[in-house]
Amino acid sequence: MKRIKRTNAFQVTLEIKDDNYINPPKVAQRNAVVNRALKEFSAELNSLNEQTKNFVPGATAADDNIGLSERGQAQLSAQEIMEDWQIPLMEAMAKAIAENGGDILEVGFGRGVSADMIQKYPINSHTIIECNDLVVDQHFKPWKAKYATKDISLVHSLWQDSIDDLGLFDGIFFHTYPLNEDEYMQYVNASITFAEHFFHHASSHLKSGGSFTYFSNEIASLSREHQHMLLKHFSSFTVHVIPLNMPNDVKDTWWADSMVVIKAIK
Ligand SMILES: C[S@@+](CC[C@H](N)C(=O)[O-])C[C@H]1O[C@@H](n2cnc3c(N)ncnc32)[C@H](O)[C@@H]1O
């Protein structure tokens, strides 16, 4: 089976070589689903054409080896932990999981920007997992001193080493980054979204009806692959496209003027 989709700008050719591949009872059904997939791919190319017009150049990722250096225990500046352009994402994520209160788990403390936002909501408890000793000393300890009367507990470890010992939560906020090249290859390169490797942990530590949030490196919607993955672990989800003020020399590997925040419900 061969299908060709042509426009003035591009041509897509799809050749299905295996007769048993996408093989429903009727030929018309096969045509319908294959044509639809091709139409959707073409629409995606057109929307990428529009989205990429707004990209900033950014720093050169290859020169800086962004995301590949060992940084589990590195001394990092505030901007290396999280660049300021991500703050609107933190706001949307904090609201997604904390506005209804309850017991909150935050994975990755960083500068404590999101932790402050979470504390503004009427939550019962705030459990924070953070692996970096310097982040704990320089950022978490002074931050916690501001909230002396609040129920806040630190789990000072990699989440991979401690999550199984934790109970159930009403909201889970996930914001870490790859700690070395292995994690980069496994969690970023081989995956539709960085948070995917945490989906089943999030789902198994949420109370029924609880919510899980993260942001995804997608610009204006969620890919179908991403949606399939989410629906394997959660009953529903909402997507917010967050406009971003992207600096021209952004260090992180992101160049678009928006990003997607997901709230998934157990
Ligand atoms: C981008 S920062 C979080 C920023 C934070 N949301 C804020 O508003 O400041 C990511 C944090 O996750 C921590 N982290 C990365 N991988 C981790 C892991 N596997 N387990 C625990 N913490 C991790 C890093 O040390 C870092 O402090």
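Derivation of every value follows stated rules applied to the coordinates shown; laboratory data play no part. Only a predicted model underlies this, so the values are computations on that prediction, with no experimental measurement involved. Cβ sites come from the backbone with ideal geometry, for glycine too, and all protein chains shown count toward neighbours.
Only beta bridges with both residues in the range 61-265 are counted; by DSSP, about 40 percent of them are antiparallel. The ranking of K146, K26 by Cβ neighbour count inside 10 Å, starting from the fewest, reads K26, K146. Sorted fewest first by neighbouring Cβ atoms within 10 angstrom, R30, R224 come out as R224, R30.
Cross-link check: pairs K95/K144; K17/K263; K120/K207; K144/K207 evaluated at a Cα-Cα cut-off of 29 Å; pairs beyond the cut-off: K17/K263. Given the options E83, E196, E225, which has the most mean-square fluctuation in a GNM of the chain, springs set between C-alpha atoms less than 10 angstrom apart? The residue with the greatest mean-square fluctuation here is E225. Going from the residue with the fewest nearby Cβ atoms within 10 Å to the one with the most, H197, H228 rank H228, H197.
Each of A9 and E91 was given a label point 7 Å from its Cα along the Cα-to-Cβ line. The distance between the two points is 3.1 nm.
Between rounded, prolate and oblate, where does the range 61-265 land on the alpha carbon gyration tensor, with a ≥ b ≥ c its root eigenvalues, rounded for a/c under 1.5, else prolate if a/b exceeds b/c? Since a/c stays below 1.5, the shape of the range 61-265 is classed as rounded. In a Gaussian network model over the chain where Cα atoms closer than 10 Å are linked, find which of I22, I172, I118 has the largest mean-square fluctuation. The residue that fluctuates most here is I22.
Modelled spin-label separation between A59 and I242, with each label point placed 7 Å from Cα along the Cα-to-Cβ direction: 2.1 nm. Remark on T127: its backbone amide H falls under 5 Å from those of I104, L105, E106, S153, a criterion applied only to residues 5 or more positions apart or on other chains, H modelled at 1.01 Å from N. Segment Q227..A74, full-extension length gain: 51.7 nm, with 0.36 nm per residue of separation and the alpha-carbon distance subtracted. Mind jotting down the distance between the C-alpha centroids of the range 176-197 and the range 88-117, whole Å? Cα centres, the range 88-117 to the range 176-197: 21 Å. Take the Cβ atoms of K26 and S47, set R0 to 22 Å, and the FRET efficiency comes out at 0.10. Under 5 Å from the amide H of S258 lie the amide H atoms of L244, each residue being 5 or more positions distant or on a separate chain, with H modelled from the backbone and absent for Pro and chain starts.
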